[in-house]
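Input: a single structure, listed below in C-alpha cells.
The values are calculated or read from the model by the stated rules, or taken from the named source; none is laboratory data. Here the structure is a predicted model, which means the values were calculated and not measured. Every residue, glycine as well, gets a Cβ built from its backbone with ideal geometry; the counts of neighbours run over all protein chains shown. The accessibility values were calculated without ligands, DNA or RNA, using every heavy atom of the protein model including side chains. Shrake-Rupley method; radii C 1.70, N 1.55, O 1.52, S 1.80 Å.
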Amino acid sequence: MQNAITKEINTTNLPDKDGNFGEFGGSFIPPQLQKVMDDVTKAYEEIVTDPAFLEELSYLQIHYIGRPSPVYFAKRLTESVGGAQIYLKREDLNHTGAHKINHCIGEVLLAKKMGKKKVIAETGAGQHGVALATAAALLGLECDIYMGAVDIKKEAPNVSRMKVLGARVVEVTRGTQTLKDAVDAAFEAYLEDPIDQIYCIGSVVGPHPFPMMVRDFQSIVGVEAKKQFKEMTGTLPDAIVACVGGGSNAMGIFSAFLDDKQVKLYGVEPAGKGLDTPFHAATLTKGSVGILHGFKSYLLQDEKGEALPVYSIASGLDYPGVGPQHSFLKTIGRVDYQSATDREAVEAFYGLSRMEGIIPALESSHAVAYAIKLAQTMPKESKILVNLSGRGDKDIDFVMENYPLVDYEPEEQATGFDEFLSHIKSK
Ligand SMILES: *Cc1c(COP(=O)(O)O)cnc(C)c1O
C-alpha cells in the first residue's frame, strides 16, 4: 500500500486566488497581517510543487505518522445495526491518535522552509496544541501554545504533554479564559512578531490561505481512502460520513470525492443537549452568515454579530464557526449537514468499543452515530465509509463518570446492541 501516499498534494480549483469559496472565506484582517498572510500564501504556492518538500512530507507521512491508515470493514457493528455496510477510515491509528498531526506536520515543515524559528497556535481542549507541539519537537522549532486559564485547569494531561514535548504553554486570562480568547491572544502575539514566528491554525478556518492549506494537507486521507476502498470492494462508497468541528477531517476525506457525484457526503455537527436548546455547536444547521477570526462563513452569533457561547460533549467540536468551504458545499447542496446529540455520540462510543474493540474519540463518535442511523435506511449491499478521526482514550474517564454502565453483566456480551445501550445511564 506504500504507493497510496501521493508525492503530490491533492489541490482543487477552489478557492480563488483571494481565498473565496463562492461568497465564503476570504481574508478580513488588519492590513499588517494581510501582508504576512500574503507571504504565507506565496511560500505555500512554492512548496506545493517543490519535489524536495513533497519528498520530505511523504517520508514523514509513512515513517512518522504511520500512513496509510487502514480502511476497515466493521462487520459486527454492521450486522448488529442492520442495513448498509459500515467501513472505517482509521485516522485514530495515526501517531498521536488523530488526524490533526496530518496538517500540523505540513504547517511546521512550511514554517521551517520559510525560515521561521517558532510556531504558535491557540488550543481549546489541547488536542491541536499537542499535535503542533509534537510536530515542532520533530522538526526542531520552538512552539508557543496559547490556552485559556480555564482550559488549562480542565485539561491538565494535555498541558503536561505539551510541556514534555518542549512547548511553552501561555496562559490567557482575559474574557471567558477559553478558546476564543486564546485565538485573540495568539493573533496579537503573531502581529507583534510575524517575522520569526508563524501562526499554525488548527482546522480549515481563519483567513486565506489556511482553509485551503489545511485542507490540502488533510487531503491525503481522502486520496488514500478512495484507492483503498476500490481495492477492497471494487467500487466507491455510496456515502461518506465525517464529524464537523472546524471541518478539517471532513474536508480531508471529502476532497477526493467531490467530483464523484454518486458518492453522498454527510457532515455531522454536534447537537449537544438538543438543537432546540442553546447547548449545541451546530453551526451550519442553526447559524447565519457572518465574519469571525478573519473569514466569512456560517456562524452561531447574536444580533450584533458576536460569536455565541457554544457547547458539545466533544471539546474538539465546540467552535462557533465552521470552515468556509463547508458553508460553500452546503450552499451548493454537495454535502448534507446533519447532527448528532451528546447521548447519540455516547451510545456510538460504547457501541463501537463493544462491537469492534475500537474506542473512538467523542468527536468521531458523532460520525459513527449518524452512520448507524443512516445504515438503517439503506439496503444491505450499500456501503458507508466513516472517517474515524481519532481515538477515545482521552474521553474514557469522562464517559465512565458521566454515562456509567448500570447493571451490565459481561455475560451479556453476546446479546443485542439495543439491549446493551439500555444499560448506559446519563448522570
Ligand atoms: C479536533 C478534532 C476534531 C474536530 O476538528 P475538525 O477540524 O472538524 O476535524 C474531530 N475529531 C478529533 C479526534 C479531533 O481531535
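Brief remarks on what is shown
- Residues located in the stretch 313-343, provided they are within 27 Å of D16 (Cα to Cα), within 12 Å of the ligand (Cβ to nearest atom) and out of contact with any strand residue (DSSP E or B) (no Cβ under 8 Å at 6 or more places or on another chain): Y319
- One residue stands out in the stretch 322-353 among those that are of a type in the set (S, T, Y) and closer than 26 Å to F295 by Cβ: the one that is most open to solvent (accessible area, probe 1.4 Å), namely T331.
- Test: residue in the stretch 288-307 that is open to solvent by 50 Å² or more (accessible area, probe 1.4 Å), under 30 Å from D393 (Cα atoms) and more than 16 Å from the ligand (Cβ to nearest atom): no
- Residue within the stretch 220-234 that is buried (at least 21 other Cβ atoms within 10 Å of the Cβ) and either among the acidic types (D, E) or without any contact (Cβ under 8 Å) to a residue 24 or more places away in the chain (or both) present: yes
- Residue list for the stretch 196-211, restricted to those being among the hydrophobic types (A, V, I, L, M, F, W, C) and either over 22 Å from G19 (Cα atoms) or within 14 Å of the ligand (Cβ to nearest atom) (or both): C200, I201, V204, V205, F210
- Test: residue in the stretch 25-39 that is open to solvent by 60 Å² or more (accessible area, probe 1.4 Å), within 18 Å of V214 (Cα to Cα) and in a helix (DSSP H, G or I): yes
Listed here are the residues, each with its yes/no results for (1) open to solvent by less than 30 Å² (accessible area, probe 1.4 Å); (2) assigned to a helix (DSSP H, G or I); (3) within 16 Å of the ligand (Cβ to nearest atom).
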{"site": "M355", "(1), (2), (3)": "yes, yes, no"}
{"site": "E363", "(1), (2), (3)": "yes, yes, yes"}
{"site": "A371", "(1), (2), (3)": "yes, yes, yes"}
{"site": "K380", "(1), (2), (3)": "no, no, no"}
{"site": "N387", "(1), (2), (3)": "yes, no, yes"}
{"site": "D395", "(1), (2), (3)": "yes, yes, yes"}
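- The stretch 73-129, subset within 24 Å of Q197 (Cα to Cα) and in a strand (DSSP E or B), residue farthest from the ligand (Cβ to nearest atom): K118
- Answer from I62, I120 - the residue that is among the β-branched types (V, I, T), under 21 Å from the mean Cα position of the chain (by Cα) and open to solvent by 10 Å² or more (accessible area, probe 1.4 Å): I62
- Scanning the stretch 374-427 for residues that are β-branched (V, I, T), free of Cβ contacts under 8 Å to residues at least 40 places away in the same chain and over 24 Å from K154 (Cβ atoms) turns up V406, T415.
- From the list Q262, Q338, Q301, the one residue that fits, being over 16 Å from A367 (Cβ atoms), among the polar types (S, T, N, Q) and in contact with an Asp or Glu (Cβ under 8 Å, 6 or more places away or on another chain), is Q262.
- Top-ranked residue of the stretch 176-205 - restricted to ones that are outside any helix (DSSP H, G or I) and over 27 Å from D395 (Cα atoms), ranked as most open to solvent (accessible area, probe 1.4 Å): I195
- Verdict on R174 being within 16 Å of the ligand (Cβ to nearest atom) and on the phi < 0 side of the Ramachandran plot: no
- Meets criteria (away from the ligand (no atom under 16 Å from the Cβ) and surrounded by fewer than 24 Cβ atoms within 10 Å (Cβ to Cβ)) for L275: yes
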